[in-house]
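These notes concern the structure reproduced below.
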Amino acid sequence: MKYADVIIDNRSEETDYFFTYGCKDEIPEVGSKVYVPFGRGDKLREAYVFRVFDGDENEIKGLKYISSVDPDIILTQEMLDTTLFIKRRVLCKTIDGLKCFLPAGKAPKRKREKPYKDISTCGEAAKALTDEQESVLSEMKPCIEKDTYNIFLLHGVTGSGKTEVYMRMIEECLKQGKTAIMMVPEISLTKQIIEQFFARFGRINTAVIHSRITAGQRYDEWMRIRRGEARIVIGARSAVFAPLENIGIIIMDEEHETSYKSDKTPKYDTLDIAVKRAKKFNAILLLGSATPSVVSTKRAEEGIYKRLTMSKRYNNVPLPTVKTVDMRKELLSGNRSIISNVLYEEINECLNSGKQAILFLNRRGYAPYISCIECGYVIRCPECGISLTYHKGADKASCHYCGYSMTPPKGCTECGSQFIKYTGTGTEMLQEITEEMFPGAQIARLDLDTVSRKGSIDEILNNFKKGKTDILIGTQLVAKGLDFRNVRAVGIVSADISLNIPDFRSSERTFQLITQAAGRAGRGDEPGNVIIQAYTPEHYAIQAAAAQDYERFYDTEIRIRESLSYPPFGDLMQAVIASSNEDNAKECAEDFYKKMISIAGNERSNFLPPRRAPIAKANGKYRYQIVIKCPKGRKTAYLAALSEAKKDMSLQFKKKKATLSFDVNPYSFV
């Protein structure tokens, strides 16, 4: 008699363990998707086989049998092992980790349109390599040839030709009969890289996986990959789960980007998954960035990664000239505009010489706050309690956290005053101001509000590429991966906004955003100019970014991190307890805290007592958080303790209708 241990596709924490079924008519392979009777009504449910084994021939009382096997969906043992790794790493349910590997959508009833069908696939000759490109390739190629696992950190300035290095390494993998994963942080803004890969490797050999294509198209691409038809996968963070075998290289371009950290269950770090899979296949993990994360640079210093450097732009094109403007002095001189006099003159010269400009402001909407002049009341989201952002085009006040929106009131709902003001500046207001200052210029905006319509991103970027747009205004979307030769000027408006984010990485994030945005200037034949506007230009992150000096920033930041035992000198963990009843949320948080410190013993001081989360209510649930400072080298032990406490508290959480979620090194403690 054959038996199978399966994981049921079920939401309940109480069913997150293996169920044993008998195999009658068809014996499934490990990794198969099957249908099984489950629960009192024996309703058929989807399940996934983790083990098949021989057992007693005698009938087991109450044993149920697998009903059928899906012939199309089967995962490898490596994928199952990685699923269990995710479960241990982020304390999620097994099925949540497993679904990362599964295709979206369903099998088609008729032939579907392929994604990116309009992209040209004309062959493109490889570019001549610079000495620096040759040098870094010579370091990595032997690992592919000898099947040697290694992690390389490629620190290359913006415009140094990292993409060509990626493609040469993938070519080497294909020659050796291996496969490759190429990840980018914002797939919606990297049509350029898809064009390059299609041209170099062909559409048939390359699959694209990300959330901007339909679920059906994702299913089709998944099946092409699983059948071995596509040997290269391009995508955002979900591409790390591509069902490839014999992986030779995994590439994370712009490895420092926060989008590589999932903020939804399971809250995995893409880097952790990439390391796990690369080890399994004796593959290379290549991390590329002009502004590597502090953690990655420290790991390179410790010898965990091998650091490679490309310090010059391709063909020795000079880096842009950078000027910093103190906006406090602008105010004192009588200029109350968000555009400084220096930036105004630079844009003017750009327009007069037929060049283009990019303005970067990492805050969308028209105004971040709507407040009463008389009593000071600020309109807030009734679900989250955070201030609503005004969007003038839609005439809506919206919550950027939960999506709630309302028509802004004509007067103050607290004191009845009719004097309401819109405070602060977002990209929508910046566009309005810029249009008034430069009435003859063609101006476009690129942010989440303007790219909701399908194809709008490509339309905006194509118009800019063709010179139909003179000034492109945008959030961090314009700071990633754009390579336009006619951009002479980049203006970074309110460069210090991100310093106020509740995250220990806020200085690092500020440095990276400024440096990346500045890197869009001067990629053609003429040097570029960058204007950084800030109210705190003396901050070390802004000064280092203005000097284009990564080492200067790193040396300061790493000392601060060490003094506070922040990553990479330890880990920060966040447990969030939520319930629609605030008393239940508070009680569960306090009891969970007591349970954790009883398990922690001598290390209980590293567990901070529960308190209301910065966003104390979200989606109708009250939220309490517990922050844990985990010493370096103790992550596995701490996660095991948290898992034990979670298991012990499961019945209480169910009774109080409370939920518990974990995040390791979150990018925002909200």
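The values are calculated or read from the model by the stated rules, or taken from the named source; none is laboratory data. Just so you know, these numbers come straight off a predicted model, no measurement behind them. Every residue, glycine as well, gets a Cβ built from its backbone with ideal geometry; the counts of neighbours run over all protein chains shown.
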Does THR309 fit the bill of being farther than 20 Å from THR425 by Cα, at pLDDT 95 or above and not in a loop (DSSP other than H, G, I, E, B)? yes
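Matching residues to (1) in contact with a Leu (Cβ under 7 Å, 6 or more places away or on another chain); (2) small (Gly, Ala, Ser); (3) buried (at least 22 other Cβ atoms within 10 Å of the Cβ); (4) in the same structural domain as LYS267 (by TED's automatic domain parsing):
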residue	(1), (2), (3), (4)
THR163	no, no, yes, yes
LYS175	no, no, no, yes
THR179	yes, no, yes, yes
ARG227	no, no, no, yes
VAL233	yes, no, yes, yes
ARG237	no, no, yes, yes
Being on the phi > 0 side of the Ramachandran plot, assigned by TED's automatic domain parsing to the domain that holds ASP449 and part of a loop (DSSP other than H, G, I, E, B): is that true of GLY354 here? yes
Test each condition in (1) in contact (Cβ under 8 Å) with a residue 24 or more places away in the chain; (2) assigned to a helix (DSSP H, G or I); (3) surrounded by fewer than 23 Cβ atoms within 10 Å (Cβ to Cβ) for ASN463 and report the one that comes out false. (1)
Select the strands (runs of 3 or more DSSP E) contained entirely in the range 367-438, then report the ones holding at least 1 residues which are touching a Pro at 6+ places or on another chain (Cβ under 7 Å) and among the aromatic types (Phe, Trp, Tyr). 389-391
If I filter the range 355-374 down to residues being within 17 Å of VAL490 (Cβ to Cβ) and not basic (Lys, Arg), which single residue comes out as surrounded by the most Cβ atoms within 10 Å (Cβ to Cβ)? ALA357
Could you tell me whether the range 601-619 includes any residue that is surrounded by 13 or more Cβ atoms within 10 Å (Cβ to Cβ), among the aromatic types (Phe, Trp, Tyr) and touching a residue at least 40 places away in the same chain (Cβ under 8 Å)? no
Got at least one residue in the range 204-219 being part of a helix (DSSP H, G or I) and either aliphatic (A, V, I, L, M) or surrounded by 23 or more Cβ atoms within 10 Å (Cβ to Cβ) (or both)? yes
What residue, among those in the range 135-171 that are within 28 Å of the chain's Cα centre (by Cα) and acidic (Asp, Glu), is farthest from VAL233 (Cα to Cα)? GLU164
May I ask you to list the residues in the range 525-546 that are under 17 Å from SER506 (Cα atoms) and either assigned to a loop (DSSP other than H, G, I, E, B) or among the acidic types (Asp, Glu) (or both)? TYR535, THR536, PRO537, GLU538, HIS539
With free of Cβ contacts under 8 Å to residues at least 40 places away in the same chain, over 30 Å from LYS646 (Cα atoms) and not in a loop (DSSP other than H, G, I, E, B) as the only criterion, which of PRO71, PRO37 stands out? PRO71
A careful count of residues in the range 286-296 that are in contact with a strand residue (DSSP E or B) (Cβ under 8 Å, 6 or more places away or on another chain) and crowded, with 23+ Cβ neighbours inside 10 Å gives 5
